[in-house]
Every structure is written in C-alpha cells, then in structure tokens.
Amino acid sequence: MSKSSGQGLSNSGLPKFLIGSEGGESRELDDKDMRNISGPYGEDEEDDQAERQIVVGICSMMKKSNSKPMTEIMERLCKFEYITVVIFSEEVILSEPVEKWPLCDCLISFHSKGFPLDKAVGYAKLRNPLLINDLNMQYFIQDRREVYRILQEEGIDLPRYAVLNRDPDRPEECNLVESEDHVEVNGEVFHKPFVEKPVSAEDHNVYIYYPTSAGGGSQRLFRKIGSRSSVYSPESTVRKTGSYIYEEFMPTDGTDVKVYTVGPDYAHAEARKSPALDGKVERDSEGKEIRYPVMLTAMEKLVARKVCLAFKQTVCGFDLLRANGHSFVCDVNGFSFVKNSMKYYDDCAKVLGNMVMRELAPQFHIPWSIPMEAEDIPIVPTTSGTMMELRCVIAVIRHGDRTPKQKMKMEVRNALFFELFEKYGGYKSGKLKLKKPKQLQEVLDIARQLLAELVLHNDCEIEEKKSKLEQLKTVLEMESSLNDNQYGHFSGINRKVQLTYLPNGQPKASSEEEDSLKDGPSLLLVLKWGGELTPAGRVQAEELGRAFRCMYPGGQGDYAGFPGCGLLRLHSTYRHDLKIYASDEGRVQMTAAAFAKGLLALEGELTPILVQMVKSANMNGLLDSDSDSLTDCQQRVKARLHEIMQKNKDFSEEDYNKLAPTGSPSLVNSMRVIANPVKTCDQVHTLIKSLTCQICKRLEDPKSADLQLYHSETLELMLQRWSKLERDFRMKNCRYDISKIPDIYDCVKYDTQHNSSLSLEDTLELFRLSRALADIIIPQEYGITKAEKLDIASAYCLPLVKKIQLDLQRTHEDEAVNKLHPLYSRGVMSPGRHVRTRLYFTSESHVHSLLSIFRYGGLLDEQKDEQWKQAMDYLSAVTELNYMTQIVIMLYEDNNKDPSSEERFHVELHFSPGVKGCKDEDNAPMGFGFRPASSENHEKQTNQGSLEDLSQDEPDRAVLTEPINIQRKSPLIRNRKAGSMEALSESNTTSRGLAYRILPSSSRQSPEIKPSGLGFEGCSLVPSIYPLETLHNSLSLKQVDEFLTACCKNGSQSQFKRLKSLSAMFESHSQPSIDVDSQETPMSTPVQLNQPAAKPIWYTGDPPSTVSSAGPSSPSVAESSSNFEFNNE
C-alpha cells in the first residue's frame, strides 16, 4: 500500500492512494485535505486542469478494503492520471457520523458482515457521489426470496422453487407435507434430490436431501472451513424451524460456474468443484481453491448483463449451474472480485477507470476521452497493402505425440459375438464401437468362454484363431492389473473393440487367400490399445496454443510486448466466438484441452478444461472415422500397394508410374531409398529381431531389470510391443504384411525420441528404412491416383468440409450472435467486431484427406497461378504429416468494399507439417513463410503477428530434468508488477512475438542422437514444430465457397452410393437428422447437401429476425430433404 502511495504522486505532490488512520499508514484525512484533493467541494475552484482530481472512495469493512484483489485493482486504478483513491477507515465507518466521512466524487461501497449499510445509504443521500454499486439494492441481495423474485421478473432461468415462510402472520405460506422421498411445499412437489436454502443470503447452511434409492441422508453445505465446504449426514428429514427456499437439484457433473461482472459488458467466469460433490475443497500447492476460467455461451453472456443491470451492481458475482443443456442462476452475491487473476485485475481497473472518467470528467472539465484501443479492432495489413479486419480463423489440427498404437484384427463368426453386436445396436449402421468397462467385460467373457471350449475340443482348424483369442483376453485383462487412479476413459491403457459387419466374410487381400475364405456373414473384430497422449504431446499442444494467439492482431498500446494479448482482450470482452471440437479419441481430446489451455492462458489441470471447453464431435463423422471399415476404393488401393511392395526386385519405371503417378518428390525419393521392397522388408525384419534380442539381454541384466522407460513403460512392455511386430510383420507364407509398416515406424520413432538412453544398436538404421517404407505406404493408403485420393478423402471428411464451408458463411451472416449489442456497449470502442474461431482436433486420416481435397480438388490451376504451383511443390516435398500438423484458413473483411463485391472477403490458406522428425533439419522442404507477400513481413523482428521459426532460441525449459507433470501450473510466469493485462513473460523462447518455434532441442541435434538423460518421464527431448507456411493468400471467399460446394456435391454423390448399398444390406429405415452436438449413433443415412443460395454467398445481409440471443437452434445445412444437419457452432 505504502509503495503504491509513493508511486501515485500527482503534479501537486499529493498522494493518489490514501489510507485511513486505522491501517497506520497515514494520518486521518480531514475535510480540508479532501477539499484540496477533490476541488469541486472547495470554494476556490481554480481551473488548473492538471491538478484537478476525481476522488474514488472505498467504503467497506477493512478486511475487504485491504484484501489482495482490492489492493491490486486500486493500484491499477491509480494509474489513471486524474483519479485518486481514498479508503475509508473502518473506525470512521463504524464510529463517525456520515457528515464526518471523507468526501468523494465516486463511491465504491458494499455490504459484508458487520457493515452499517444504513449509514452508507445516508452518506450517499448527503453527498450524492457516483455509485459504482447501488446501495439500496444491496438490501434485496441479502434476501434469497427477493433475489429469486428479481431474477424471475427479468426472465432469467432459475431452478424450479417454492418458498416456505414460517411467518405467524402469513400461515398460508407455511404448508409443508414431508414424505419419505419428496416434500410438498405450498402445493409444489419436490422429489429428492432437492435443495433447502435459508431465506437469508448470509446463512450458508444449505442442505441437499438424497433419495432412499441412493442411500438417503443429506449433504450439508457451509462456508468453507479449512479444506471442507460440506459434510454428509444420515439425517433425511427437513428442518422444522426457520424459513427456506426449496428447489429442484440440478445435475451439474460436479462443477459450479461463478461469474464476475464489471459492468454489463464484461464478465469473467470460473468453474470450481461443486461443494456438494464430496465437501473437500480442492486446493493448489499454495493453498488456494482450484478454479479454472471457462467460456460463457451467448445466452450466459446475456444473463450476466441482465443480472448486472437488474441488481444495479456494476461489480457483481453470481453463480450459474450448467445442467441439461441450460444454465440456471442459483445465487447472486453482489460485490465480488476474482481472486488471483492478473488479467482480471487489469481489465477490472480499466473498465472501472473508464467508467468513472466517462461519467465525471465532463462535469469537472477534465480533458478526457475514451482512449481508442488499438487492439480492439482486429485489423491487419493484407498482401495487397490494404487494411482488412480478421473475421474468422478455422484450424484443423492433428493430435500431439502419443504412445505407440497397437492393434489386432480377427474375423469372428461365433454366435456370441453376433448376439453382442445386436445387443448394442450394431445392425443399425453395420458398425459398433465398444469402450465402456461393462462392454469390454462382455467381450472378455466371450473370449474366456471360447478359449475354454477350444481347450476341450482342440480343433486344429482354429489354432490361429486361438492365438488371437488369447491376445484379446490378455489385452483386456491388462487394465485390471494397473493401479488406475487417473481420469475417466483416458486412463490406463486406452482400449476399445470395434465390430464391423461383413455380409460376405473378410475380403481377400491376395489371390493365395482365396481358398481359405469361408462363405456367409462374419464380424471383423478390431482390438485397439495404447495411443495415449504423452507428456511431450501435452507440452507441444499447450505451447502451440500459446503461439497460435499471435496470429490474432492486437497487443498494441497497453499490451505491447505481450504477444497474443489481442486475442485475450477480444475473448474477455465477448467478441471472440470460440468453439473447440475433438474426436472421441482420448489423445485427441486431451490435445484439444492442452491447446485451449495455452491459447486462452488458462491454468490448472487438463481434465476440467476438457470438460468445460472441448466439444466432442463424434456423432456424424465430423472428426471421427472408422479406419477399419474401408471403402471399395480403399480396398483396391491397399491390394495394389500390397502387390507392388511384394516384388523381390528393384522398382522399375513401370512401378514408379504405378506407385507415384503424381510424381511427388517425397514419394520418388523414398522409392529410391528402398530400391527393392522385399529386400528392404527383410532388412527391417532382421533389425527388429536384433532389437528384441537386445531388449531380452537387458531384461536378463540385473542392473536394468527395473529400469523404467518413458511414460512409465517397462522393458517387458517394450519387448511385448516389438515381439508382436516381429511375429505379425512376416507372415507364415514368408510374405510381409505391409499394413504393419506404419506400426513399425510408429514404434521406432517413439523409441528413438523417448528411449534413446537405452542406446540400442541399429535403431537409427531401422528408423531410416521404416520411415522410407512408411513415407510410401501411409500417404498412398489414402489413394494412389488423384481420383482415388479425392474419392477416399470425401469418404473421410465430407462432413468436415461442409462444416468449414458453414463456418465461413456464418461469420458474416450471423450478425446477432457472439458479439456485443452496440446500444449497450459503452467502454468498448468496437462492440460490433467479433472474430469467430473454430478449432477441429482430429487424427491423421482427416488431416491427410482434407489436404488431398485442397491439393487435388481443383481449387486453383497450377499452370495459371504461380503461388499455388509453389505451394503444391512444397506440399509434394513434405514426407510426413506428423503430430500437431495444422491446416489453417483465415477470413478477412475489407469494410471499404461494397458488401456484394468479391473483394469484400479475402481468404488465406496456411499449413504446417507439425512436429519436426528425426534428422529433419537438413532436408526439410522450405516454404515461403507465413503471409509472405504482406507488408508486415518487412518488419519481422517487431511484428507481433508473425509466426517464425527461431532457430537461435535458447534451450526451452521442457528440456530440463524436472518431469513434465500435467498437474503443474501453467508455464506462464505471472509478473505482478506489470500494470497491463497479464504479463506473459514466458521465458526468452516465447516472450517475443515471433516465438512460434515450439520447444527446440537444447543442442539442435536430432533427439535420437543426443541421449535424453535416464529416459524417465518428461526427460526426453520435445521436438519443435514447423512454422506455418502460407499456401495462398489472395483467395476470394466466392472462390473458396464455390470450390467447397463442388467438393461436397461430388463427394455426396459417391457417398450416397456407398450408403445406399449399406442401407439396402440392412433394410434399415433412415435415421432422423443428426445435430453436431447430439450424442447419437454415427450417421448411416444419405448425405444430401444444398445447392448455393440465390444470393451471392459473400453478400452481407441483415441478421435473421428469428435469431434468439443464444443463436438459431440447429439451422439446417441442407434443404428440407436433407438428413445431415449442423447447429450454429
């Protein structure tokens, strides 16, 4: 405090931050002092503008006035040149008459225990200062009945409730009938669980009563004492004295949302573990309750505004319950500050300061106007040198580094499997995915039963099946042996069983298998396990999220030097419409959560961020795909690949034409490395055998028997991985199963990066050869010719392409959603501005497919467009779409152009191949940089929005020996001295605006060359990520929209044929429309997509009159005949 007093000297030498005498830091102020400071109250009103001050008085109990949030915010408020803060001492408030209270021009006063609210009301009548929080309304806030009445009058959703007034004068309001599992209050029935709240808001003894079916009893909530906020009680009867509100219990999945407004146009929201859950307060290492920032929906933003205005409390906290797809207000607390958020302190002080100056500066003749925030309007220079406004960012991103995926396929015909398939509705779509423990237990029971029968009958025909059944049993039993205390289905070994109906049995892979095939239907059982996101993957995603901020303009003015703060500013003032989608794979969802943590400067663990911020998009193929259910085209492509790769001779010219008809340099180079595919596979198999032998020897060595490898893997588990590959790669007929090549590359890539401390011989040679093979097999599995690539791509990502098209359209059509109402947005210079961000996290198949559509779908003619030709040459040289690969689309608007002009909207397409692989430094393909032709690239060293690859960065902290722990605080270093938005001093690596190079290796060597310490968790090197490269930066929205429409039309025709044949197979009825946020089964009905609208798609019209404040409810993508819909997200 005293420090800030010294900082705040005005030109007259008076301190700007004054404390009452009780604190002992300065003498008590008398009226003469106040007149000297505040000017207008004195008789001698000189017009010396430089010395005139606006006095903000803080009138509250000293515990509140001296609290850390109040101190932080007042220190920032004092940085306004004309504002002085005076804190009323508690002694004066309690003992002195209001006539002797200090004078002020603006009063911040609020009730807490022991505060004389009546005196504060009297002071306000006497002095008539500007009130930040209305005082009379604070009487209502102390009574829950009045709070609920006001909420109801404002049309704000709240739980169904009834009031039981035990008032002798009003007996009609005291009718209570109690039964075992419900109560009836004044005729209103509440079944357990229900909530019982005292009518006094000061009484925190809230009880929740449970039904007898759940064990009965009650949970008793109270104001936090130490680490407890509630206790369970066996008492099941309601309280018989006192007045209460009874309300329906809302199922919130264990979290409450606390919202803090600063005026009607700003709110900060945090979620915390619900005190009703188990009563234990979750605290961090510093003893503070764990909370995490969350985003408010459009409807919740409207609620925040309504609460702030209805209760006339500028600074106001209230509680939201998110349940059953709706948000309900359950409590309004009045004056409340966020704790421990530098960003909130900055924003709160700025909003309050601007509010005070706007209201009072004119009457005191202080020359002041609302400063234009340069970062408020997201404007950037375009490639042509004009200034355009960023309107939309769409990114499709592959998940981060993971443990090796493992897979086993087997064809099953036993009736028990068909019964299971039918039980869980597999016949509806021909596919079934089993992930829940109960479902997996049923599969395990079948495996055990069949193995027991095989022992009795010992039928030699099914010996091979027996080994598969044993493996199925072993993998499903692995989970129970783990000490599994992690979260949900992301824990332990990620396992799932997929069943696909095969009407004519398993298709043959080669002519030799023809005789062994059986007739009749069968099920293809695919068991998958492994594939968890590693600590390195989490770091990659979080750091990429942080760097991604820098693509958003802003960071000028107060935010200079803090890259990405333009995005945070947009987000905190409701002008950033962000939705994050992820497929249902655990590694993909955790990648999305880690990215969100970095993007929005969130703190804490990933799991709560995932629950609140990431939407699962696993319904209609938007981001998920059943890679084991191949299209006819994919079956043909795989068969041709298998055939070409089984030739025991050097690749001929004919083979080059067959395998690489597009002439891709990356493919041709890999074919040259391989030369003879069978001999290369021989070498790979020999190297794998050598590897397993070395691991066996290590296991026999007592020194390394207990060695723990990266991510808690043991040598035994590592041996199992490689032994399985050794067995599966070389089949009984001595031919090679090339479908195992991606798995071999996957494993060797993982071990060279994370387990290099083992120093196993020939690992690098195995890496080199398997990578060359994988560089052919993986991309070509998605099609060999251009036509095949497009056909397979549309099968994978047609819904995603349509969604991207919708995102681009909605950006300018949906004017009423996700931005501020211009009439009520004082203090924000550009309330109409908003940026829509849509992030889609998915797996390799969708990234390959989407890139194929852009490359081969006919977006531009390479012969006519030089930039596109260069982009295609660059993509052809990219060998691998590694972890964290990004495809980014950015839409800009030129407000100076006619709304119907093609030049109004401008689209840019960017790409990064993701994480740098081993030995990539020397032969990595070079693009032309990020936004290469735009004018800001001439000043790369100072531009906050440029994403560059800093090869000279200092070693990143992730290379240190401290384990990367998901429970650690965010790596952001909060500098509390900074007087602006959250000081993001993120070490030298990321504190500059150019820091897009993620987590460089400390010695610039390949990870497999430099030993990574002892190989323990978190000690392996985290590879860096390639910077974004611009593929094209002068597309019109019309071009892109017409291209996407054509892709959808062509794709839907081929998909319609496939789905029609599938429907006929099962003679099933078409399913109802599927919304992207619904939790239904995967789509199995034809996709019919609409034709372009009559109006030009780039035309900006008026917002639809039917749009509610929460946005349209699930507007259809298609015409009325369509069976495929997206909602407005």
Query raised in the report: Among LYS409/LYS679; LYS679/LYS732; LYS407/LYS496, which pairs are too far apart, with a Cα-Cα distance over 21 Å?
Result: LYS409/LYS679
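Give me the net charge for the shell around THR212: Cβ to Cβ below 11 angstrom, other residues only, Lys and Arg +1, Asp and Glu -1. All intermediate terms of the calculation are to be shown ahead of the outcome.
Working: positive: LYS192; negative: GLU180, ASP181.
So the environment of THR212 carries a net charge of -1.
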Query raised in the report: Tally Lys/Arg at +1 and Asp/Glu at -1 over every other residue whose Cβ is under 13 Å from the Cβ of LEU107; what's the total?
Result: 0
Query raised in the report: Can you flag which of LYS438/LYS749; LYS258/LYS436; LYS438/LYS468; LYS79/LYS288 are past 24 Å Cα-Cα?
Result: LYS438/LYS749; LYS258/LYS436; LYS79/LYS288
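Would you mind getting me the FRET efficiency between GLU765 and LYS224? Use the beta-carbon distance for r and R0 = 45 Å, nearest 0.05.
Working: r = 61 Å, r/R0 = 1.35.
The pair GLU765/LYS224 has a calculated efficiency of 0.15.
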**Report entry** Area of HIS182 that stays accessible when all protein chains are in place (1.4 Å probe, Å², to 10)
**Finding:** 50 Å²
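Looking at the square roots a ≥ b ≥ c of the eigenvalues of the Cα gyration tensor of the range 752-803, which shape do they give, rounded for a/c under 1.5, prolate if a/b is larger than b/c, or oblate?
On the way: a/c = 7.51, a/b = 2.36, b/c = 3.19.
Oblate is the answer for the range 752-803, as a/c is 1.5 or above yet b/c matches or exceeds a/b.
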Requested in this report: Would you please give the residues with an amide H less than 5 Å from that of ARG166, counting only those at least 5 places away or on a separate chain, with H modeled from the backbone geometry?
Outcome: SER243, TYR244
Requested in this report: Please tell me which of these pairs span more than 30 angstrom C-alpha to C-alpha: LYS433/LYS466; LYS528/LYS916; LYS658/LYS803; LYS339/LYS597?
Outcome: LYS658/LYS803
Query - For the range 405-443 versus the range 335-362, the gap between their alpha-carbon centres in whole angstrom - result: 57 Å
Query raised in the report: Pulled fully out, how much extra length does the chain show between ASP181 and ARG160, if you take 0.36 nm times their separation in residues and subtract their Cα-Cα distance?
Result: 5.8 nm
Requested in this report: Express in Å², to the nearest 10, the accessible area of TYR581 obtained by rolling a 1.4 Å probe over the protein heavy atoms while all chains stay in place.
Outcome: 0 Å²
Query - Karplus 3J(HN,Hα) series, Hz, for the range 398-410 with 6.51 cos²θ - 1.76 cosθ + 1.60 (x for Gly, Pro) - result: 7, 5, x, 3, 9, 6, x, 6, 10, 8, 9, 10, 8
**Report entry** Stretchable slack from GLU172 to LYS339, in nm (0.36 nm times residue separation minus alpha-carbon distance)
**Finding:** 55.8 nm
**Report entry** Phi-based couplings in Hz for the range 169-181 (Karplus 6.51, -1.76, 1.60; Gly and Pro marked x)
**Finding:** 7, 10, x, 5, 9, 10, 9, 10, 10, 10, 10, 4, 10
Report task. List the relative contact order of the range 50-175 as a percent without decimals, with contacts defined as Cα pairs under 8 Å and 6+ residues apart. Result -> 22 percent
Report summary line: Residue-ordered couplings for the range 661-678, obtained by feeding phi - 60° into the Karplus form 6.51 cos²θ - 1.76 cosθ + 1.60 and rounding to whole Hz (Gly and Pro as x), are x, 7, x, 4, x, 5, 5, 4, 4, 5, 5, 5, 4, 6, 6, 9, x, 5
Query raised in the report: Which three lengths, in whole Å and largest first, does the range 662-709 cover when its Cα atoms are put on their principal axes?
Result: 53, 21, 11
Report summary line: One finds the C-alpha centres of the range 714-755 and the range 106-139 to be spaced, in Å, by 73 Å
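The values are calculated or read from the model by the stated rules, or taken from the named source; none is laboratory data. Predicted model only: the values in this text are computed from it and were never measured. Neighbour counts are summed over all protein chains in view; Cβ atoms, including those assigned to glycine, are modelled from backbone coordinates with ideal geometry. The accessibility values were calculated without ligands, DNA or RNA, using every heavy atom of the protein model including side chains. Shrake-Rupley method; radii C 1.70, N 1.55, O 1.52, S 1.80 Å.
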